[in-house]
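The next block holds one structure in the form of structure tokens; read it before the comments.
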Amino acid sequence: MKTRVTKKVKVNIVTLGCSKNVVDSEVLLTQLKGNNIEAVHESKMDDSQIVVINTCGFIDNAKQESIDTILRYVDAKEEGLVEKVYVTGCLSQRYKDDLEKEIPNVDAWFGTRDLSRLLKQLNANYKHELVGERILTNPGHYAYLKISEGCDRPCSFCAIPIMRGKHLSKPIEELVKEAHHLARNGTRELLLIAQDSTYYGLDLYKERKLAELLVQLCKVEGIEWIRLHYAFPTGFPLDVLDVMANEPKICNYLDIPLQHASSKMLQLMRRGTTREKTETLLKTIRAKVPGIAIRTTLIAGHPGESKSEFNELMDFVKETKFERLGIFPYSHEENTHSYSMADDVPDKIKQERVEQLMELQESISYDLNQKRIGSTLKVLIDRREGESYIGRTEFDSPEVDNEVIVKTNQHLRIGDFVNVKITDASEFDLTGAPLT
Ligand code: SF4
């Protein structure tokens, strides 16, 4: 067998964008270490000879952040702080041809499904035996489990299918194997992610298999919380709600991006649903899983959104009282269906609408949090901050939702579950102390 002679190099992986990119970077990290190549995640600038930037190409701000990061490392290369700069991920997948010309100092560009080629470039080989194994880039007590790649949906504003390709479900056995591996390494909370998690199985098994996947994952010893993200409202598999209601490990939490509420806008956005159907689904979710925290994401300022459609969205948010809400200004993305429409809502108005919705949500969240005072909640400890610990309830996903400030003189370990008596609440945080 030919021995590969390689200069001892260190690879620094830099991740931008969403949790799906985090998983891709973790897989790259694991494969490099599996090839005895020293690799780190987001270490300081001059610490590594090679930098791999895993980019995001979703909307304007994210694209700009990716380009700024690439330019920073290209400058570092010119200063001799790094030898090679490689770029992968969504921005590279989407704009490689232009970027190659605009930033010639990048050594090579890779797409979102180019892992083997990237590994080759780094003098490594893809190791199948490592499938299901993953070195985590966070403390490890929670981990993202990417159940599928890509998306088959036609949402008019979205460029993700251009960057991530067609929907591809991972086999249940592979995901269960990955969950066991993560649990053996200390993971207590699994966050199921995808572009569209409710589509799971339709390609591979010709039927929706999310409910079955959840049941299998609940059998994995050591995992205490399973959290469901990126559900799609149209064709929502109701059997998932039965599993959520019956399986205590599944958090009473559902992330279901709705994007809008006006039937006219939902049609323009090609979401395949209406306001009435959306409201019926939300009522069914709350009826089947009492006490559930529903997280959604909305877009303000999509082409065609007049004042009256926006007011309808405000009314919908006021009535529905989402426990968790994210709001984005519409971003006019090339090669999407919406790009052929006039971007007729001025940026200033887009921003004002985002702020109006956030202000409304702040008051809703404050009222909902006030009702938690006096209750006892199970909290997963994420970190220490000054004199307090910071954790989350089953109603909160890392980095995007509320947190619990835990005041105690006791020593708590990161990754511990603690029953906390809630004594105070603000718009987006709860405060409390461990039950003694
Ligand atoms: S489901 Fe999500 S990822 Fe897929 S096209 Fe729609 S918005 Fe984009």
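The values are calculated or read from the model by the stated rules, or taken from the named source; none is laboratory data. It should be emphasised that the depicted structure is a prediction, and the values quoted were computed from it without experimental measurement. Every residue, glycine as well, gets a Cβ built from its backbone with ideal geometry; the counts of neighbours run over all protein chains shown. Please note that ligands, DNA and RNA were not included when accessible areas were found on the heavy atoms of the full protein model with its side chains. Shrake-Rupley method; radii C 1.70, N 1.55, O 1.52, S 1.80 Å.
Assorted remarks:
- The residue that is farthest from the ligand (Cβ to nearest atom), among those in region 240-277 that are more than 27 Å from Ala159 (Cα to Cα) and without any contact (Cβ under 8 Å) to a residue 12 or more places away in the chain, is Pro248.
- Among residues of region 138-161 that are without any contact (Cβ under 8 Å) to a residue 60 or more places away in the chain and more than 16 Å from the ligand (Cβ to nearest atom), those with a beta-carbon under 6 Å from a residue that is assigned to a loop (DSSP other than H, G, I, E, B) and of a type outside the set (Lys, Arg) at least six positions away or on a different chain give the pairs Ala143/Leu136; Ala143/Thr187.
- Matching entry among Gln259, Gln195, Gln267, Gln216 (being out of contact with any Asp or Glu (no Cβ under 7 Å at 6 or more places or on another chain), more than 25 Å from Val317 (Cβ to Cβ), of a type in the set (S, T, N, Q) and modelled with pLDDT of 95 or more): Gln216
- Within region 162-171, tally of residues that are more than 13 Å from the ligand (Cβ to nearest atom) and either of a type in the set (Lys, Arg) or in a loop (DSSP other than H, G, I, E, B) (or both): 2
- Tally of residues being in contact (Cβ under 8 Å) with a residue 12 or more places away in the chain, open to solvent by 50 Å² or more (accessible area, probe 1.4 Å) and not in a helix (DSSP H, G or I) across region 38-52: 4
- For Asp98, the requirement of being at pLDDT 95 or above, of a type in the set (Asp, Glu), surrounded by fewer than 16 Cβ atoms within 10 Å (Cβ to Cβ) and outside any loop (DSSP other than H, G, I, E, B) is met.
- Scan of region 183-206 for residues that are part of a helix (DSSP H, G or I) and either of a type outside the set (Gly, Ala, Ser) or within 18 Å of Val379 (Cα to Cα) (or both), ordered by number: Arg184, Thr198, Tyr199
- Consider region 113-128 and keep the residues that are touching a residue at least 24 places away in the same chain (Cβ under 8 Å) and over 22 Å from Cys56 (Cβ atoms). The one that is least open to solvent (accessible area, probe 1.4 Å) is Ala124.
- Any hit, region 115-126, residues being in contact with a strand residue (DSSP E or B) (Cβ under 9 Å, 6 or more places away or on another chain) and closer than 18 Å to Cys18 by Cβ: yes
- Here is the figure for region 369-381: residues that are open to solvent by 20 Å² or more (accessible area, probe 1.4 Å) and under 24 Å from the mean Cα position of the chain (by Cα) total 1.
- Candidates Glu189, Glu174, Glu178, Glu212, filtered to the one that is over 22 Å from Arg324 (Cα atoms), open to solvent by less than 50 Å² (accessible area, probe 1.4 Å), away from the ligand (no atom under 14 Å from the Cβ) and touching a residue at least 40 places away in the same chain (Cβ under 8 Å): Glu178
- If you go through region 189-213 and keep only what is on the phi < 0 side of the Ramachandran plot and either aromatic (Phe, Trp, Tyr) or more than 18 Å from the chain's Cα centre (by Cα) (or both), you end up with Tyr199, Tyr200, Leu202, Asp203, Leu204, Tyr205, Glu207, Arg208, Lys209, Ala211, Glu212, Leu213.
- Only one of the numbered conditions (1) assigned to a helix (DSSP H, G or I); (2) open to solvent by less than 10 Å² (accessible area, probe 1.4 Å) is not met by Val85, and that is (1).
- Qualifying residue in region 67-77 (condition: in contact (Cβ under 8 Å) with a residue 24 or more places away in the chain, more than 27 Å from Ala159 (Cα to Cα) and open to solvent by 10 Å² or more (accessible area, probe 1.4 Å)): yes
- Subset of region 215-227 [assigned to a loop (DSSP other than H, G, I, E, B) and either open to solvent by less than 10 Å² (accessible area, probe 1.4 Å) or among the aliphatic types (A, V, I, L, M) (or both)]: Val220, Ile223
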